[in-house]
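Working notes, structure below.
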Amino acid sequence: AQTVTQSQPEMSVQEAETVTLSCTYDTSESDYYLFWYKQPPSRQMILVIRQEAYKQQNATENRFSVNFQKAAKSFSLKISDSQLGDAAMYFCAYRSMDSNYQLIWGAGTKLIIKP
Amino acid sequence: DTGVSQNPRHKITKRGQNVTFRCDPISEHNRLYWYRQTLGQGPEFLTYFQNEAQLEKSRLLSDRFSAERPKGSFSTLEIQRTEQGDSAMYLCATRGSGANVLTFGAGSRLTVL
């Protein structure tokens, strides 16, 4: 069975600085999807960025980018120029290609932005 | 509002009572998912509908839980004889055919006293 591990329960960063959130996963599959979702307090889960395992190029969405290391089964999220609105729980999630979208989630990392 | 709508947003109930949550998907989304999220954890999959058909159910979905999606539109999740361990956020997510992204609702938080 696949597992997703986020080893940082909480991270803090100064506004405008860069922060990296860690995620590792375990799978025997060669093809899959990985996601980072953001969950602000009392608000809905929002997709931040996704990565297809067959793509070697790291995904980027504006200030958000990933460092996908397939052999190491690592999928970290880098947030550049941190903003107060980035404060939220961040979840890493895994999806098998044939799972009907049953995402497997990490426990989350709480990101605190210091003004 | 074109997003996924969940009601009620917060329900407080006494142990042993029944509760029902409703999810209204984005109109063109035919796939609907229920997840449960406890404090400090990521969501856990409960069940999945494609149109009105319930195609997958997690072992987490005990016989006290039942989900329906009549006519393939809105969905309800009912919990009978609630227990304190049922206290959690119940998330609904939907997606359209061929889409690779889930759209989540804001969730329904259940507190069982």
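Read the figures in this text as sums done on the coordinates, not as results from a lab. The model shown is predicted, which means the values in this text are computed figures rather than measured ones. Cβ sites come from the backbone with ideal geometry, for glycine too, and all protein chains shown count toward neighbours.
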Q. Given the pairs A:LYS73/B:LYS57; A:LYS78/A:LYS110; A:LYS38/A:LYS70; A:LYS38/A:LYS114, which span a C-alpha to C-alpha distance of over 25 angstrom in this model?
A. A:LYS73/B:LYS57
**Q.** As computed over the stretch B:20-63, the Cα convex hull volume per residue (Å³)
**A.** 105 Å³
Q: Report, in debye and to the nearest 20, how large the dipole of chain A comes out about its Cα centre when Lys and Arg carry +1 and Asp and Glu carry -1 on their Cβ.
A: 100 debye
Q.
Largest first, please: the extent of the C-alpha atoms of chain A along each principal axis, to the nearest Å.
A. 42, 29, 22
Q | Translational diffusion coefficient (Stokes-Einstein; Kirkwood radius from C-alpha pairs) of the protein assembly as shown at 25 °C, 0.890 mPa s, in µm²/s | A | 134 µm²/s
Q) Out of A:LEU111, B:VAL112, B:ALA88, whose Cα points farthest toward the positive end of the dipole of the protein assembly as shown (charges: +1 Lys, Arg; -1 Asp, Glu; placed on Cβ)? A) B:VAL112
Q. To the nearest 20 debye, what is the magnitude of the charge dipole of the stretch B:1-108 about its Cα centre, counting +1 on the Cβ of each Lys and Arg and -1 on the Cβ of each Asp and Glu?
A. 260 debye
